[in-house]
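The structure appears below as C-alpha cells.
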Amino acid sequence: MQPLLQLLKRPLLFVAGFSFVVNLLLLAPALFMLQVFDRVLTSQSQETLLVLLLGVAVALGLMLMLDYLRSRLQGVAGNLIAEQLSPAVAKAMLAHAARRAERAPSEGLRDVAALRSLFSAQGLLALFDTPWAFVYVAVIWLAHPVLGMAAAAASVLMLVLAVVNDRLTRRDIEALQKEAATATRYLESAMHNAELAQSLGMGEALIGRWRHLNAGVTALQGPTARKSVAMAALTRATRQAVQVLLQALGAYLVITGEGTPGILVACTILLGRALAPVEQVVGSWRVLAEGRLAFARLSELLGATARQPERMTLPAPAGRLHAQDLMFRPPKGERMILAGVSLSLEPGESLAITGPSGAGKSTLVRLLTGLWKPHAGVVRLDDVDIAQWSRAELGPWLGYVPQDVELFVGTVADNIARLGEVDPDKVVQAAQRAGVHALILGLPEGYDTVIDSMGVMLSPGQRQRIALARALYGDPRLLVLDEPNSNLDGAGELALGEALKALRGQVTVIVVTHRSALVQHMDKLLVLEAGRVKQYGPAAEVMQTIRRAGQNAGGAQVVMMPARPAEKVS
C-alpha cells in the first residue's frame, strides 16, 4: 500500500490545505455577526453594514470555490484508489484462489469499493475539519474565558461521545462484515452449481441455507444499527443542548454586563461550527469504520504479495524436473497428504502417476507445477527451485490441464492462445498437436466459436480436448495433465495417445491417469498410495510388478483400467 499512499499524498495534502483556508473563512460569519451587533446596531451606519456584507460575500464565495475543489479532490483520490488497487488486488486474489489450500480473499474487490466509498463520504472531510474545533474554542476563549471554558468542555464531551461510539460499534461492525462475506461467498459458490441444483430440485434447500446464513447477518445488523443510530441521535441532541447552554451562559454574561450581544451571537456560531464536524464523524462512523477495516485487509493482502522479491529473468528451461522429499499438509490439517515423494525426469522423459482415489495425485501435480508450495522438500525445474520462477515467465514454458477443466469467456482461438494475442499459426499448430483441429472446424464458427461462461456449447470431452490444445500452445517444455482422458470417448482417447506419442522425447510430460492406454506411452510410472511412493521406475517394469502383485493378492492392488471403445461419443 505504500506506493498508493505516496500517490494519495499530493491530493490529500491539497485537501488539507483547502480545509485550512475553508475553516479560516468560516470565521467570517461569526466576525460579521459580532460587528453587526456591537458596531452597526449601535452606530446605525449603513456604510459599515455594506462594507461588512461585501467582505463576507467575498469570503463565502472563496469558501464555496475551495470547498468545491476539495470535494472534487476527494473524489479524485477515490478514483486513484480504484484505478491503482483494483488490478493489484485482482492479481493477488487470482494467486490466492489458485492456491486452494488457502482461503481465497473473495471480498478484495469489495474492499476496494468500500475504500472508494470512504473517499466520497462527507465523514472524511469532517475528519479534516475536526482539528479546527480547537481553533474555534481558542477564538471563543479570547472573546470571553468563561465561554471558552464552556466551549472546551462541550468539545471534549463530543469527542468522548465519538470515542464511545467507536468502542461500542467496532467489534459489531467487524463481525457483521465477516458474516456478510460468508453469506455472500456461499451464494456465489451455489451459483456455480446452478445447473445441478435446478436439476435435482435443490434450489429451495440452497436458498434456505443462504437465508440461514443471512439471518446471522440480520441478527448482527439490528444491534449494530441500533447502537449507531442511538449514538448519532445522542450526539445531535448533545450538540443542541450544549449550544443552548452556551447561549444561556452568554445571555447571563450580557445581563451582568460582562459581555456584549455580539460576543454572544458570534460565540454561538463558532461553537456550532466547532461541534459540527464531530457530529458528522459520528453520523458517518459506519462508513469510516468499514473503510478502515477494508484498508487493513487490503494492506494484509497486498503486503503478502509485495513481500515476494523480484526475480531475475531466467533462460528458457530444457524440461529437467526433480522433486525431492516432498511433504504437504493442508492448512489446519493433521494428516500429511504427501510424505517423502521424490521423482526425477530428464528433458523429454514422460511419467505416468497413478494410485487410488485420495492418494495425493492431484496435490502432487499442483506441487510440481509450483501452484502450491511444499511444507518440506523442493521441486526443481532445470535445477532451479520452481518457486523462484515468476509465474508470468514460467507460464509460456508450462502446459497444464487440471482435473476440472475450465474454459474462459471468449472464442475457441482466444482460449487456445491463453487469452493473449491470437497468432493463427500457433493456434492451429497447437490444435493439430492435440488432435483437435478437425473437431474445432466442425463447430458452428470454427475457431471463432464463442464460449460462454458455462461452456454449454461444448461437451465435457470437447472442453478437455481444447484444454489440451491450450496446454500445447507455444513451446511448452513441461506438460502436466491431470486425468486428461476422464471425459474422452474412444476417439478422443486415441487422439490423446497419438499426441503423447508425438511429444515423446521432445517435451517432459507428466500424466495422472487410471488407464493403461496412456501408460504405454510413458517412460516411467509412479504409484502413490496414502501420500507415499509405493512403486516408481520404468513403466514396463512397474506394470509387470503391479500385475504380479495383483495376481498374488487376488486383484487387491492398483487396477489399471483399459481404454474406452472407440465407438463411444463424448
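The values are calculated or read from the model by the stated rules, or taken from the named source; none is laboratory data. All of these numbers come straight from a predicted model, not from anything done at the bench. Don't worry about glycine lacking a Cβ; one is built from the backbone with ideal geometry, like all the others, and counts go over all protein chains shown. Heavy atoms of the whole protein, side chains included, go into the accessibility calculation; ligands, DNA and RNA do not. Shrake-Rupley method; radii C 1.70, N 1.55, O 1.52, S 1.80 Å.
Just a few scattered comments:
- The length gained on full extension between A82 and E541, counted as 0.36 nm times the residue separation minus their Cα-Cα distance, comes to 159.4 nm.
- Panel note: the C-alpha atoms of the chain, placed on their principal axes, show extents of 116, 48, 47 Å (largest first).
- FRET efficiency for F14 and L187, using Cβ-Cβ distance with R0 set to 56 Å, rounded to 0.05: 0.85
- 3J(HN,Hα) along the range 69-74, derived from phi through the Karplus expression 6.51 cos²θ - 1.76 cosθ + 1.60 where θ = phi - 60°, amounts to 5, 5, 5, 5, 5, 4 Hz, with x in place of Gly and Pro.
- Over the range 387-493, the pair-distance histogram of Cα-Cα distances with 10 Å bins from zero comes to 16, 51, 29, 4, 0 percent, rounded to whole numbers.
- In a fully extended conformation the segment linking T256 and R209 would gain 9.9 nm over its present Cα-Cα distance, using 0.36 nm per residue.
- For the chain, the share of accessible area belonging to carbon and sulfur comes to 60 percent (1.4 Å probe, ligands and nucleic acids excluded).
- Full-extension gain in nm, A318 to D385, via 0.36 nm per residue minus C-alpha separation: 22.7 nm
- Accessible-area ranking of M522, M457, largest first, probe 1.4 Å: M457, M522
- Environment charge at V378 (Cβ cut-off 9 Å; Lys +1, Arg +1, Asp -1, Glu -1): -1
- Using the empirical formula 2.2 N^0.38 Å as the baseline, the Cα radius of gyration of the range 110-178 reaches a ratio of 1.51.
- Protection proxy ranking of 539-545, 271-277, 251-257 - average other beta-carbon atoms within 10 Å, highest first: 271-277, 539-545, 251-257
- Accessible area, probe 1.4 Å, largest first, for residues F295, F20, F119: F20, F295, F119
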